[in-house]
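Everything below concerns the one structure shown next.
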Amino acid sequence: MSEIGAAEPWAVRETALPGDDGLRQAESIFALANGHIGLRGNLDEPHAGGMPGTFLNSLFEERDITYPEAGYAFPERTETVVNAPNAKPIALRVGDEPFDVRTGTLTRHERVLDLRAGTLTREVEWTSSAGVEVRVRSVRLVSFPRPSVTAVRYSVHADAPLRIESDLVVNEALPSERDDPRASAIISTPFRSLSSDRDVLVHRTRGSGLPVAAAVIHTGHEGTVVTSLDLIRWTAEGHGEITFDKFTAYRWNEENIREQALKDRDAAARDGFDVLLAEQRDYLDEFWDGADVEVDGDPEIQQAVRFGLFHVLQAAAQAGPHPIPAKGLTGNGYDGHTLWDTETYVLPVLTYTHPECAGMALRWRHSTLDKARDRARELRLDGAAFPWRTISGVECSGYWPAGTAALHVNADIADAVLRYYAATCDEDFMRSAGRELLEETARLWKSVVYFDEENTGHIAGVTGPDEYTALMDDNVYTNLMAEQNLRAAGSPVHLNMPYDEKREVHDQSAGFTRLPAWDFSDEEYPLMLHHHYLNLYRKQVIKQADLVLAMMKRPDRFTLDEKRRNFAYYEARTVRDSSLSAPIQSVLAAELGHLTRAHEYLAEAALLDLRGSGEAGGDGLHIAACAGAWISLVMGFGGLRDHDNRLSFAPRLPPRLSRLAFGLRWRDCRLSVVVTPDSVTYGARNAPADFRHQGHDVHLAAGQEETFPLDPVEDVPAPPTPRPPRTIAE
């Protein structure tokens, strides 16, 4: 595990050098990104135990997918994010000895991720084997206002001769693959050189043919430059102290990339590192003004929700014409693909905290619409069939046979369109992208819905969010989300919601409650690494919230009593082998009064990467779980629901929390909500706001605040679960 210090409200501090088992997790935690460029939190000097990573959004290589037995419409090629030209390496020699934290005597090693400044600061005190005391300080940033630019200020002090080699390197060696289906493929030497000189390297990916230019410059200290096809090395020498700034600019897959990279680099160097720092702080001040969540009573959760929001922003801020990957730009897990996580978990958070980012992400989906239409035709369906996993918009999933049947991704996209439009009233988006997305996904549903003799609508043979139950009929989540999609496109229809009269619960999918039970005794998790899917598919075992997610997304279709019975039934069968589950279970637990359990699930989601090892933490953060901390707090304890174009709130706090405060951007208003155990105060800035509080209409004029008393909510004991909540991931 990473050596993370005590919880701080606005920073994440590493208090010692992590061991080899925690180094890659720390590199994910301390990653910096802006949605366009991502730098893993590698040490400045190369380290054999690390996973180097410089990721440029949608810079990928293509690979063939091979099958022992191929089939019709199986994807033939996949896309994998590649390690881009890396400008992080800075090697230091003190006298005749290389600076290496694994040798000599390490007195101090501290790194701080500053969530307000948007920087990663590292301070090291080290004594060489010759007895020379060395102090190193570096400050790294990836600029939010300047999407193509990264920078670092590096200082070293030692009473000895100093030599620095600062590199921009391409096709560097990477560690071998891990035996985990969620890990990325490792592609060696993905680039071929097009040109190089003392200013810039220009390369092209070998298979996908995407060009990339990286330009670097050093200021503040004299040095010499040596260049080869895959390397620009700046070398500086001195005695006692060397301080310099390093600016790098990237351009890829566009016109005039070399000239544009040089232009961006030179502008950053001309303005200087201090200007970039000030710009970064201004950008984040504006973000936190509308996005911050304050939590009194649990310092770890306070830190974690801000950490999560910061990484959600880093995944999306300048994504522009590119997707938001499941790992953001913090690692190469899932091959850098985007999944349904984006629309269902990440975009709701961005819609209310940074709506411009949500709009960009949906416009990217729209830009891939023709590929989704092609995929639908290939599947003999109408409309658009968006991919389960992708970077460019084509289906890349050849690893999970039932993935193609997870058609709910199309309704998830439609749901995100409706939420964004309700929250922003962005008519230009609706005309240029939103309406077409709604119509084409609705056409897909029209081609798969069928009606029985009683004229009841059904959808057969689909996979819902629960990936341990595949190819089932009438998955409730899929049906309800498709129903909403069709209604929004002008084709209202009610689809079947299977119900078990004997057990008085909804079937997750038709017949689910009559499947054999799963024996949860003495299990190893995640189950998918210890059981074949044939066994999982046949029994009542649930990977992640499915029907529970439906109850959160479509509250109009369930009574309170139905929610209670459904939650208890599915709680006893859900193992949360996905980071997507705990936030949703937290929300429903809070609504139903299981406040302590809701808090536990909040902690599980919020601390998954920050304090635990994660599912594969070394391959990047779980951006949906980062968003899940916000979802648990705002939709769970804040009671936010956003169904049918309006906001409603039903807040309540768990015993440990004494105060919860958060903001939302709703149309032209910045709405504030402050919850204490006995009251809630709503405030409207910039514009008026209309919403519902505990079933009653509320209107606030611009600048108005209003306080409502809250009745005590009993902390009801939670129903049994086969896998108790874990605040430190297993």
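A short reminder: the numbers here are calculations on the coordinates, not readings from a lab. Owing to the predicted nature of the structure, the values given are computational and were not obtained by experimental measurement. Ideal geometry is used to build each Cβ from the backbone, glycine not excepted, and the neighbour counts take in all protein chains shown.
Working from Cα positions, state the angle (0 to 90°, nearest 10) between the long axis of helix 408-424 and the longest principal axis of the chain.
Long axis of 408-424 versus the principal axis of the chain: about 80 degrees.
Which peptide among 631-640, 374-383, 597-606, 466-475 comes first, and what is the full order, when sorted by highest mean count of other Cβ atoms within 10 Å?
Working: 631-640: 25.9, 374-383: 16.7, 597-606: 27.9, 466-475: 23.8.
Per-residue mean Cβ counts within 10 Å order the peptides as 597-606, 631-640, 466-475, 374-383.
Relative to the Cα centre, what is the charge dipole magnitude of the chain, using +1 at the beta carbon of each Lys and Arg, -1 at the beta carbon of each Asp and Glu, and rounding to the nearest 20 debye?
Numbers: 76 positive and 110 negative charges, 141 e Å.
Taking the Cα centre of the chain as origin, the dipole is about 680 debye.
In sequence order, what are the phi-derived ³J(HN,Hα) couplings for the stretch 319-334 according to the Karplus relation 6.51 cos²θ - 1.76 cosθ + 1.60 with θ = phi - 60°, rounded to whole Hz, with x for glycine and proline?
Once θ is set to phi - 60°, the couplings for the stretch 319-334 become 4, x, x, 10, x, 9, x, 4, 9, x, 10, 9, x, 9, x, 6 Hz.
How would you classify the stretch 290-680 from its alpha-carbon gyration tensor, with a ≥ b ≥ c the square roots of the eigenvalues: rounded for a/c under 1.5, else prolate if a/b is greater than b/c, otherwise oblate?
rounded
Taking the Cα centre of the chain as the origin and placing charges on Cβ (Lys, Arg +1; Asp, Glu -1), which of T404, A510, M472 is farthest toward the positive end of the dipole?
Highest projection toward the positive end goes to T404.
Among the aspartates and glutamates, select those whose C-alpha is under 14 Å from the C-alpha of K263, and discard any that sit fewer than 8 residues away in the same chain.
Of all the aspartates and glutamates, those that pass the test against K263 - Cα under 14 Å, at least 8 places apart if same chain - are D199, E255, D271.
Ranked from highest to lowest mean number of other Cβ atoms within 10 Å per residue, what is the order of the peptides 481-487, 365-371?
Packing order, densest peptide first, comes out as 481-487, 365-371.
Rounded to the nearest 5, what % of the DSSP beta bridges within the stretch 290-680 are antiparallel ones?
Given both bridge residues lie in the stretch 290-680, the antiparallel proportion sits at roughly 90 percent.
Based on the Cβ-Cβ distance of R377 and E453, what FRET efficiency does E = 1/(1 + (r/R0)^6) give at R0 = 25 Å, to the nearest 0.05?
Numbers: r = 31 Å, r/R0 = 1.22.
The value I calculate is 0.25.
Taking the Cα-to-Cβ direction at S521 and at S129 and moving 7 Å from each Cα, how far apart do the two end points lie in nm?
For S521 paired with S129, the spin-label model returns 5.7 nm.
Can you grab the distance from the C-alpha centre of the stretch 485-501 to the C-alpha centre of the stretch 434-454, Å, no decimals?
When both Cα centres are located, 10 Å separates them.
In degrees from 0 to 90, rounded to the nearest 10, what is the angle of the helix 299-316 Cα long axis to the longest principal axis of the chain?
80 degrees
Where the centroid of each part is defined by its Cα atoms, how far is the stretch 97-139 from the stretch 612-685 in Å?
37 Å
Calculate the dipole size of the stretch 11-266 relative to its Cα centre from +1 charges on Lys and Arg beta carbons and -1 charges on Asp and Glu beta carbons; express the result in debye to the nearest 20.
Rounded to the nearest 20 debye, it is 520 debye.
Where a Cα-Cα gap under 24 Å defines reach, which lysines qualify for K371, not counting those fewer than 8 residues away within the same chain?
K327, K446
So what is the 222 nm mean residue ellipticity for the chain from helices alone, if each DSSP H run of at least 4 adds -39500 (n - 2.57) and you divide by all residues, rounding to the nearest 500 deg cm²/dmol? It would help to have the intermediate numbers written out before the result.
Numbers: 16 runs with 191 residues, N = 730.
After summing the helix terms and dividing by residue count, I get -8000 deg cm²/dmol.
Excluding same-chain residues fewer than 8 positions from K502, which lysines have a Cα within less than 23 Å of its Cα?
K539, K563
Apply the Karplus curve 6.51 cos²θ - 1.76 cosθ + 1.60, θ = phi - 60°, to the phi angles in the stretch 20-25 and return the couplings in whole Hz, x for Gly and Pro.
4, 6, x, 5, 5, 4
Would you pull out the residues with amide H under 5 Å of N475's amide H, same chain only if 5 or more places away, H placed 1.01 Å from N?
For N475, whose amide H was placed from the backbone, the distant partners under 5 Å are V462, A510.
If you take mean projected area of the Cα convex hull in nm² from the coordinates, which of [x] 43.6; [y] 70.2; [z] 31.1 do you get?
Correct label, based on the coordinates given: [z].
Per residue of the stretch 446-453, in order, report the coupling 6.51 cos²θ - 1.76 cosθ + 1.60 (Karplus, θ = phi - 60°) as ³J(HN,Hα) in whole Hz, putting x for Gly and Pro.
The phi angles translate into 4, 7, 10, 6, 10, 10, 8, 4 Hz.
Work out, step by step, the length gained on full extension between N256 and E3: first 0.36 nm times the residue separation, then minus their alpha carbon distance; give nm to one decimal.
My answer for the length gained is 86.7 nm.
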